1. Tally time: how many residues in the stretch 276-302 are surrounded by fewer than 14 Cβ atoms within 10 Å (Cβ to Cβ) and more than 15 Å from the chain's Cα centre (by Cα)?
2. Would you be able to tell me the number of residues in the stretch 272-310 that are out of contact with any Ser or Thr (no Cβ under 6 Å at 6 or more places or on another chain), in a helix (DSSP H, G or I) and closer than 29 Å to residue 72 by Cβ?
3. Listed residues 240, 221, 232; which is more than 16 Å from the chain's Cα centre (by Cα) and β-branched (Val, Ile, Thr)?
4. Could you look through the stretch 165-211, keep only residues that are out of contact with any Gly (no Cβ under 6 Å at 6 or more places or on another chain), touching a residue at least 40 places away in the same chain (Cβ under 8 Å) and small (Gly, Ala, Ser), and pick out the one that is surrounded by the most Cβ atoms within 10 Å (Cβ to Cβ)?
5. I'm trying to understand the selection: among the residues of the stretch 227-263, which are charged (D, E, K, R) and touching a residue at least 40 places away in the same chain (Cβ under 8 Å)?
6. Testing residue 214 on (1) over 19 Å from the mean Cα position of the chain (by Cα); (2) of a type in the set (D, E, K, R); (3) more than 18 Å from residue 258 (Cα to Cα), one condition comes back false. Which one is that?
7. Output the residues belonging to the stretch 266-297 that are farther than 13 Å from residue 19 by Cα and of a type in the set (A, V, I, L, M, F, W, C).
8. Select from the stretch 112-131 the residues that are of a type in the set (Gly, Ala, Ser) and free of Cβ contacts under 8 Å to residues at least 60 places away in the same chain and list them in ascending order.
Amino acid sequence: MTASANSPHVLMAGPYPEWDMVPLQAAYTLHRLWEAPDRAAFIAEHAPHIRAIATRGELGASAELIAALPKLELVACYGVGTDAIDLAACRARGIHVSNTPDVLNGDVADLAVGLTLALQRRIAGGDQFVRSGAWADGAPPLATRVFGQRVGIAGFGRIGGTIARRLSGFDVELGYFSRTAKPDSPHRHFESLAAMAGWCDVLIVILPGGEATRGIVDAEVLQALGPKGWLVNVSRGTTVDEGALLQALEEKRIAGAALDVFLNEPRIDARFAALDNVVLTPHHGSGTEQTRRAMGELVRRNLEAHFAGRPLITPVP
């Protein structure tokens, strides 16, 4: 099935899974930006007709792209992070923005807990130890236990709160860093990230991206975390000063790190691959079929609501 001649025109910044592409093709006239050999010419050709952008969190929508689309009404983001979308440019023109919150909270929280366990219990290293045959020659290095530790969560929104609930079953002491204290939370609130890093054994980062949090986990925070402290980042690569982190890992000034996000992903700094005190995953916090299907459905519901003249399901303020 294909869209009718008068269906709304939607610019797709990057591909979605096939289970989303099929219904999108049926409902809209899609313009596939990622397939264009000359992006500027492609945008100029179709700009007079495009009323919405369907993007992904890491692709966003720049001020330049928004300015090139005079009929743009909506930017629909497949993902919760909107730091790559120029929200100021959208607000200046009254362009609506939607994202896909809540449906991925559980997956990202699961991965944060999984990375914490994998890092401290040396699960990836243990797998390699068995596969390589090294076990026949002796016992592996001892790991670090998770229960009984202090865990600090940097960012205590929907996902941060879900991580805390997951970890509460591990008999850990929890604290969190956020701009304001949560009156309904039983956990210790820190107004200083460095102070929380000095208190905790494991620092889990789930802060939003953007200029306000760029490099917030800096050399001072890593120094406070110390040689027995562990870092887990499931937020954005920009939230960590990656140069300071690599130096701290190489010099063993922190115990280790588990990272799902990086500064220049997917072409990450090659120094990470040489480290034996890291666990690395490919920005896959929401990467389950169930959640990705739910995310795509939410994008489609927002597009449908907008073009039907109804309020967005999940608007971004």
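The values are calculated or read from the model by the stated rules, or taken from the named source; none is laboratory data. Every value quoted in this text rests on a predicted model; they were computed, and no experiment measured them. Every residue, glycine as well, gets a Cβ built from its backbone with ideal geometry; the counts of neighbours run over all protein chains shown.
1. So the first thing to find is which residues in the stretch 276-302 are surrounded by fewer than 14 Cβ atoms within 10 Å (Cβ to Cβ), and the list is 276, 282, 284, 289-290.
Add one more test, that the residue is more than 15 Å from the chain's Cα centre (by Cα), and what stays is 276, 289-290.
Here the count works out to 3.
2. Residues in the stretch 272-310 being out of contact with any Ser or Thr (no Cβ under 6 Å at 6 or more places or on another chain), in a helix (DSSP H, G or I) and closer than 29 Å to residue 72 by Cβ: 14 in total.
3. On the way: 240 fails: more than 16 Å from the chain's Cα centre (by Cα); 232 fails: more than 16 Å from the chain's Cα centre (by Cα).
The unique qualifying residue is 221.
4. If we take residues in the stretch 165-211 being out of contact with any Gly (no Cβ under 6 Å at 6 or more places or on another chain), touching a residue at least 40 places away in the same chain (Cβ under 8 Å) and small (Gly, Ala, Ser), then 197 is surrounded by the most Cβ atoms within 10 Å (Cβ to Cβ).
5. Taking the stretch 227-263 and keeping what is charged (D, E, K, R), we get 228, 236, 241-242, 250-253, 260.
Within the stretch 227-263, 236, 260 meet the criteria.
6. Condition not satisfied by residue 214: (1).
7. Taking the stretch 266-297 and keeping what is farther than 13 Å from residue 19 by Cα, we get 266-288.
Scanning the stretch 266-297 gives 268, 270, 272, 273, 274, 275, 278, 279, 280.
8. Filtering the stretch 112-131 down to residues of a type in the set (Gly, Ala, Ser) leaves 112, 114, 118, 124-126.
Selection gives 114, 126.
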